[in-house]
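FYI, it's all coordinate maths here, none of it is from the lab. A quick note: this is a predicted structure, and the numbers were derived from the prediction, not measured. As a convention, Cβ positions derive from the backbone with ideal geometry for all residues, glycine included, and neighbour counts pool all protein chains shown.
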Amino acid sequence: MLLEHLDYTGARVLVVDDNPLNVELVADNLEQEGYAVERAFSGEEALRKIGERPFDLVLLDVMMPGLSGYEVCERLKRDEKTHLLPVVMLTALDKREDKIRGIAAGADDFINKPFDRAELLIRVKSCIRTKRLTDDLETAESILVALGNAIDAKDAYTEGHAERVAHYSVAVGRKLGLSYERLRALRLGGVLHDIGKIGIPEAILNKPGPLTAEEFDVMKKHPEIGERICGPLKSLRGMLPIIRSHHERPNGSGYPDGLSGEAIPLEARIVCLADVYDALATTRSYKRAFTRERCIEILRQDTTKGLFDPVVVEAFAAYLAEREETVRGRR
């Protein structure tokens with residue numbers, strides 16, 4: 001298989017142990033295989049080094065003075081910047097509860113001390129392979145996000161729109177108590193909600209006047225196009241319902257599927273509202289920006305017509321009011 005022939009020479013590995021002899025023993029074995037190894041002799045030093053430069057893998061001793069391996073692992077897995085960094089725990093502990101504690105901390109694998117060289121090298125290679133594949137997925141995500149922002153940048157009136165929609169969507173998600181995974185979906189779904197417009201002819205996309213019925217039918221295809229663009233990436237599967245359904249309306253008048261009520265995913269209902277609010281609150285070629293108060297008034301009026309989820313609207317109104325109070329407090 002292709003993966004078996006990938007070259008991991010130069011992959012950056014951080015070896016962490018308060019015993020210098022243990023560190024050098026592991027480092028020597030890895031450096032013989034072409035890995036770029038750095039040493040850390042405490043949990044605190046490990047976190048500092050990880051904050052300074054990227055690594056492909058951390059080999060982490062469990063029992064250390066100060067911050068233990070468990071605590072270091074927990075901190076890395078809680079941090080969005082490092083939660084995908086593979087952590088392999090080196091341990092002389094062989095009790096079942098010790099392994100369970102390591103799993104709870106987020107450890108990706110374990111190697112028992114004294115370690116077998118062949119096992120060490122196989123496990124290191126396996127973890128780095130996983131990290132490289134994850135990096136590839138993140139790169140693909142970044143490209144799509146860049147494309148989404150590029151669509152906005154074509155028009156001075158909509159530049160920054162996707163980022164603002166993502167920001168508003170996450171803020172509403174937090175008000176509604178959504179999980180980290182769902183907030184991440186809102187963040188990426190907000191940025192990518194209009195990526196399907198890349199497949200819409202520019203003559204329609206940038207038309208200064210109102211669209212004809214035929215042109216609007218073409219424009220309405222952008223949610224489905226966006227879903228097809230992002231569909232191949234497994235890491236974006238959670239965002240697909242947002243991309244496809246952000247123009248659906250609770251009264252069933254939206255597109256592309258004419259969904260109504262609870263059949264519309266909550267995240268799509270949130271992005272829909274954020275999308276419309278940003279259009280109201282910013283200057284466009286055909287209108288001036290409305291005030292925050294007028295925007296909320298319009299949204300509430302349209303909610304009575306079945307165009308928005310009232311729970312989402314009120315959560316958004318509460319967020320905007322809190323933000324206004326914060327701004328006033330700084331003056």
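Tabulated data
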quantity: Identified option (computed volume of the Cα convex hull per residue in Å³; candidates (i) 185; (ii) 198; (iii) 128); calculated: (i)
quantity: Cross-link partners of Lys125 among lysines (Cα-Cα below 25 Å; sequence separation of 8 or more within a chain); calculated: Lys49, Lys77, Lys81, Lys99, Lys113, Lys234
quantity: Taking the chain and dividing mean pair separation by its residue count, relative contact order in percent (alpha carbons under 8 Å, at least six apart); calculated: 11 percent
quantity: Kirkwood Rh in Å, taken over all unlike Cα pairs in the range 154-330; calculated: 16.6 Å
quantity: Ranking of Arg12, Arg123 by count of other Cβ atoms within 10 Å, fewest first; calculated: Arg12, Arg123
quantity: Sorted by Cβ density within 10 Å, fewest first, the residues Ser245, Ser253; calculated: Ser253, Ser245
quantity: Mean separation of Cα contacts under 8 Å, 6 or more apart, over the residue count of the range 2-134: relative contact order %; calculated: 23 percent
quantity: 222 nm mean residue ellipticity, helices alone, for the chain (DSSP H n ≥ 4; -39,500 (n - 2.57); rounded to 500); calculated: -17500 deg cm²/dmol
quantity: Relative contact order for the range 154-330, counting Cα pairs under 8 Å that sit 6 or more residues apart, in percent; calculated: 22 percent
quantity: Percent of alpha-carbon pairs separated by more than 17 Å within the range 2-134; calculated: 54 percent
quantity: Magnitude of the charge dipole, the range 154-330, Cβ model with Lys/Arg +1 and Asp/Glu -1, debye to 20; calculated: 400 debye
quantity: Candidate aspartates and glutamates for bridging to Lys207, where Cα separation is under 17 Å - those fewer than 8 sequence places away on the same chain excluded; calculated: Asp152, Asp155, Glu159, Asp194, Glu215, Asp217
